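Visitor: Please read through the structure below; I'll follow up with questions.
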Amino acid sequence: MLPMRAHLKDLVRVQNVAASRQGHLRLDKNENLVDLPEDVIEVLRDAITAEFVSAYPELDPLYERVARSIGQQRSNVFLVAGSDQAIKASFEVFVDPGDTVVLLSPTYAMFPVYCGMFQARRVDIRYPASLRLTAEDVLRPIVDLKPKLACIANPNSPTSTVLPHEALREIVRTADRQGTVILIDEAYHHYYPQTVINMIRECRHLVVTRTFSKALGLAAARVGFAAGHEQMIQALHRVRPMYEINAFGAKFAELILDRPWILESNVRAACEGKAWLEAELTRLGIRFVPSHANFMLIDAGGQERSKAIAQALQAKKILIGGGFEPPLDPFIRASIGPVEAMRRFLEAFASEALAAPPVVEERQN
């Protein structure tokens, strides 16, 4: 037996899907569905010289671009290989074994994983069937338990819901006053422009994480960043690797930030697709959860039904999420993209969802 640390033996990690997703309509992982312009790919190809490949990454240009894009200083930014690395760094810096960490439930899958990895005492704020939380629902455990860390994804995944902006600001200020580190994950910020990033200078315990994987369309590059007060960023840098991200991801991110119309086009396509899909679902009488992100929860009639529909659509080369636990068990989850992609998805989904379920005949004894 390998001498594994005892608390890791029971830590369950889900393996990434081994089968190729290429050639499918990929609606299962909340990726951007608009292809990057070919001229951007060409610029990247031209940048990949022998010297570029053999040299270590030079990250200052991206640090400056990210800071400028969020209206902050370079000292307020920490580059990471996907925002989940910023989340891990926050646990690594601030959470000792046994410390209390408050999470929403359900939420981004890596939050509970890091609770297990760093031996935190996890306290869940559970969504009711309505999928609506109030400020009091979130404030109560933060005030009563005074956790070391509280993590809130806003918009949240997988619910696609948000906390009211003023309520979230109150939660951030309350946590900051009592010394709780509060991490606000804004992975879907570009689809929901309300943000608390402008609070990082007044609230030293605040960490805001963002990713280039969603609206910016760089899921393969694994680039993200944390924003915080200068003292917070200095603390997070204590656990950074030698180089925060690789040169290829950095170059991609620079190219995207230098071309803001790409982001605008991606968000516009998702908004148009969402408006079309909402209208058609309403027309068909299919219930859905209004979304503040680039994905939507759509009622499929129960957990087993959602699993069956996901399998049927996979056979048609359309990938969606399904088979969730309560309170999401009635739903499938589909990423949102251009109208044409939504039309293809809805045609396949409606043919399954609106069909009569199979009749199970009772056996005669």
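The values are calculated or read from the model by the stated rules, or taken from the named source; none is laboratory data. Treat the numbers as computed from the prediction; the structure is a model and nothing was measured. In this analysis, Cβ positions are derived from the backbone assuming ideal geometry, glycine residues included, and neighbour counts consider all displayed protein chains.
Visitor: What residue, among those in the stretch 249-297 that are touching a strand residue (DSSP E or B) at 6+ places or on another chain (Cβ under 9 Å) and of a type in the set (S, T, N, Q), is farthest from Ala215 (Cα to Cα)?
Guide: Selected residue: Thr282.
Visitor: For the structure I just gave you, tell me whether Ala81 is touching a residue at least 40 places away in the same chain (Cβ under 8 Å), touching a Pro at 6+ places or on another chain (Cβ under 9 Å) and of a type outside the set (Phe, Trp, Tyr). Explain how you work it out, then say what you get.
Guide: Numbers: touching a residue at least 40 places away in the same chain (Cβ under 8 Å): yes; touching a Pro at 6+ places or on another chain (Cβ under 9 Å): yes; of a type outside the set (Phe, Trp, Tyr): yes.
So Ala81 fits the description; yes.
Visitor: Inside the stretch 1-41, can you point out the residues that are over 19 Å from Gly116 (Cα atoms), at pLDDT 85 or above and among the basic types (Lys, Arg)?
Guide: Listed by number, the residues that qualify are Arg26, Lys29.
Visitor: Please work out if Val95 is assigned by TED's automatic domain parsing to the domain that holds Ile182, buried (at least 18 other Cβ atoms within 10 Å of the Cβ) and out of contact with any Pro (no Cβ under 7 Å at 6 or more places or on another chain).
Guide: Judged against the criteria, Val95 is a match.
Visitor: For the stretch 128-151, does any single residue satisfy the condition of being of a type in the set (S, T, N, Q) and surrounded by fewer than 18 Cβ atoms within 10 Å (Cβ to Cβ)? Step through it out loud before you land on a result.
Guide: Here is the first cut: in the stretch 128-151, the residues of a type in the set (S, T, N, Q) are 130, 134.
Subset that is surrounded by fewer than 18 Cβ atoms within 10 Å (Cβ to Cβ): 130, 134.
Yes, some residue in the stretch 128-151 is of a type in the set (S, T, N, Q) and surrounded by fewer than 18 Cβ atoms within 10 Å (Cβ to Cβ).
Visitor: If you check Thr180 against the conditions, is it surrounded by 15 or more Cβ atoms within 10 Å (Cβ to Cβ), on the phi < 0 side of the Ramachandran plot and either out of contact with any strand residue (DSSP E or B) (no Cβ under 7 Å at 6 or more places or on another chain) or outside the structural domain of Gln73 (by TED's automatic domain parsing) (or both)?
Guide: On the way: surrounded by 15 or more Cβ atoms within 10 Å (Cβ to Cβ): yes; on the phi < 0 side of the Ramachandran plot: yes; either out of contact with any strand residue (DSSP E or B) (no Cβ under 7 Å at 6 or more places or on another chain) or outside the structural domain of Gln73 (by TED's automatic domain parsing) (or both): no.
So Thr180 fails the test.
Visitor: Could you grab me the full set of residues in the stretch 156-176 that are of a type outside the set (S, T, N, Q) and not in a loop (DSSP other than H, G, I, E, B)?
Guide: His165, Glu166, Ala167, Leu168, Arg169, Glu170, Ile171, Val172, Arg173, Ala175, Asp176
Visitor: Do you know which residues across the stretch 72-88 are farther than 30 Å from Thr134 by Cβ and within 22 Å of the chain's Cα centre (by Cα)?
Guide: Asn76, Val77, Phe78, Leu79, Val80, Ala81, Gly82, Gln85
Visitor: Next up: Could you list, ordered by first residue, the pairs with Cβ atoms under 7 Å in which the first is in the stretch 87-100 and without any contact (Cβ under 8 Å) to a residue 60 or more places away in the chain and the second is surrounded by fewer than 21 Cβ atoms within 10 Å (Cβ to Cβ) and of a type in the set (Val, Ile, Thr), at least 6 apart or interchain?
Guide: Final answer for the pair search is Thr100/Val123.
Visitor: Out of everything in the stretch 49-72 that is in contact with a strand residue (DSSP E or B) (Cβ under 7 Å, 6 or more places away or on another chain), part of a helix (DSSP H, G or I) and not hydroxyl-bearing (Ser, Thr, Tyr), what residue ends up being nearest to Leu255 (Cα to Cα)? Please lay out each step first, then the result.
Guide: Just the residues of the stretch 49-72 that are in contact with a strand residue (DSSP E or B) (Cβ under 7 Å, 6 or more places away or on another chain), to begin with: 59, 62-63, 66-67, 70, 72.
If we keep only those that are part of a helix (DSSP H, G or I) as well, we get 62-63, 66-67.
Adding the requirement that they be not hydroxyl-bearing (Ser, Thr, Tyr) leaves 62, 66-67.
Working: Leu62: 10, Val66: 12, Ala67: 15 Å.
Checking each candidate, the answer is Leu62.
Visitor: Working only within the stretch 305-334, note down all residues that are buried (at least 22 other Cβ atoms within 10 Å of the Cβ) and assigned to a strand (DSSP E or B).
Guide: Within the stretch 305-334, Phe331, Ile332, Arg333, Ala334 qualify.
Visitor: Is one or more of the residues making up the stretch 74-87 in the same structural domain as Cys203 (by TED's automatic domain parsing), surrounded by fewer than 19 Cβ atoms within 10 Å (Cβ to Cβ) and either in contact with a strand residue (DSSP E or B) (Cβ under 6 Å, 6 or more places away or on another chain) or of a type outside the set (A, V, I, L, M, F, W, C) (or both)?
Guide: yes
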